[in-house]
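Please find one structure pasted underneath; my questions will follow.
The values are calculated or read from the model by the stated rules, or taken from the named source; none is laboratory data. Keep in mind the model is a prediction, meaning the values are calculated, not measured. Reconstructed Cβ throughout: ideal geometry from the backbone, glycine too, with neighbour counts over all protein chains shown.
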Amino acid sequence: METKELETLVAEKYEKYNRLLWYARSKPEHINIEGVKEAKERVEREFAEEVAALEGEHSDWQHGFHSGCCAAFSYVLTCLDKHLGLEVAEEEFPMLDS
């Protein structure tokens, strides 16, 4: 696998888990903010199983898994970025700001 292909694959995974992390962090009072309701519905459609798991018996574990994926994929993407690299990745890990 070429580096660019790896970067694309990891970026897709990062985006997925970042969206799930955002979904879990959003609060009911945010629903009236423009675009939030539609964005939440999109996440619910695209990742139905993952969203259901966020509401299930092991919701804390699931949210933690999403957070860990987001941090790990962000680390790899930063390592692969020729302008940032390993040094910056090490400094920022496990940054979970979203």
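I'd like to verify a number: residues in the stretch 40-67 that are at pLDDT 95 or above and not in a helix (DSSP H, G or I), how many?
Selection size over the stretch 40-67: 1.
Sticking with this one: Any idea which residue in the stretch 68-91 is nearest to the chain's Cα centre (by Cα), counting only those that are of a type outside the set (A, V, I, L, M, F, W, C) and not in a helix (DSSP H, G or I)?
Restricting to residues being of a type outside the set (A, V, I, L, M, F, W, C) and not in a helix (DSSP H, G or I), the top hit is Asp81.
Given the options Glu55, Glu12, Glu5, Glu50, name the one that is among the acidic types (Asp, Glu), within 26 Å of Pro94 (Cα to Cα) and in contact (Cβ under 8 Å) with a residue 24 or more places away in the chain.
When all the criteria are applied, what remains is Glu50.
Considering only the stretch 6-46, state which residues are under 14 Å from Cys70 (Cα atoms) and basic (Lys, Arg).
If the condition is that a residue be under 14 Å from Cys70 (Cα atoms) and basic (Lys, Arg), then Lys13, Lys16, Arg19, Arg25 are the ones that fit.
Now, a different point. Residue under question is Lys16, and the condition is that it be in a helix (DSSP H, G or I), out of contact with any helix residue (DSSP H, G or I) (no Cβ under 6 Å at 6 or more places or on another chain), crowded, with 17+ Cβ neighbours inside 10 Å and not hydrophobic (A, V, I, L, M, F, W, C); does it hold?
yes
Could you run through the stretch 19-34 and say how many residues are among the polar types (S, T, N, Q) and either closer than 23 Å to Leu80 by Cα or surrounded by 10 or more Cβ atoms within 10 Å (Cβ to Cβ) (or both)?
Matching residues across the stretch 19-34 total 1.
Name the residues in the stretch 20-39 that are within 25 Å of Trp61 (Cβ to Cβ) and not in a helix (DSSP H, G or I), would you?
Once the filter is applied, which keeps residues that are within 25 Å of Trp61 (Cβ to Cβ) and not in a helix (DSSP H, G or I), the stretch 20-39 yields Ser26, Lys27.
Here's something else I'd like to know. Taking Arg42 as the residue in question, decide whether it is surrounded by 12 or more Cβ atoms within 10 Å (Cβ to Cβ), closer than 26 Å to Glu92 by Cβ and of a type in the set (Lys, Arg).
no
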